[in-house]
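Asks: I have a structure I would like to understand better, so I am pasting it below and will then ask my questions one at a time.
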Amino acid sequence: QAPLVESGGGLVQPGGSLRLSCAASIRIFSVYTMGWYRQAPGQQRELIASIVSGGTIYYTDSVKGRFTISRDNAKNTLYLQMNSLKPEDTAVYYCNRAGDPLRWNWGRGTQVTVSS
């Protein structure tokens, strides 16, 4: 019903930074808890960060202290600032609804590759 478009990925060296964006064509975007997910080759998608409209934030342990999730409800946009990137962060990154089992159709994601 509402497309999700991720952008901002690319190739970066270990220790580098990237800022991902997710544009969500969703009515009343502000009512939804949103999250960033990633899927490495051969692995299933995992939730790595989420944020409610009011600002309550969750991070999985592997990214805590390095990644920052934020949102701009006026722009229907979700962000992920990624610092101190490691090779194990290499994955396709997706945005979607979080906080419950329901998900919209997955977008294409954006590829993040961390390599020397």
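The values are calculated or read from the model by the stated rules, or taken from the named source; none is laboratory data. All of these numbers come straight from a predicted model, not from anything done at the bench. Here the Cβ is made from the backbone with ideal geometry for all residues, glycine too, and neighbour counts use every protein chain on show. Each accessible area value is taken on the protein alone, full model and side chains, heavy atoms only, with ligands, DNA and RNA left out. Shrake-Rupley method; radii C 1.70, N 1.55, O 1.52, S 1.80 Å.
Asks: Scan region 75-104 for residues that are loosely packed, with under 14 Cβ neighbours inside 10 Å, over 24 Å from SER17 (Cα atoms) and modelled with pLDDT of 95 or more and report the count.
Replies: 0
Asks: Scan ILE26, ILE57 and give me the residue that is in contact (Cβ under 8 Å) with a residue 24 or more places away in the chain and surrounded by fewer than 21 Cβ atoms within 10 Å (Cβ to Cβ).
Replies: ILE26
Asks: Name the residues in region 1-20 that are buried (at least 17 other Cβ atoms within 10 Å of the Cβ), under 16 Å from ALA91 (Cα atoms) and of a type outside the set (Val, Ile, Thr), would you?
Replies: Correct list: GLU6, GLY9, LEU18, LEU20.
Asks: Here's something else I'd like to know. Based on what the data block shows, is THR33 β-branched (Val, Ile, Thr) and either within 11 Å of the chain's Cα centre (by Cα) or modelled with pLDDT under 95 (or both)?
Replies: Here the answer is no, as THR33 does not meet what is asked.
Asks: Give just the number: which of (1) in a strand (DSSP E or B); (2) open to solvent by less than 50 Å² (accessible area, probe 1.4 Å); (3) not charged (D, E, K, R) does GLN111 not satisfy?
Replies: (2)
Asks: Could you count how many residues in region 68-99 are touching a residue at least 24 places away in the same chain (Cβ under 8 Å) and either in a loop (DSSP other than H, G, I, E, B) or among the hydrophobic types (A, V, I, L, M, F, W, C) (or both)?
Replies: 15
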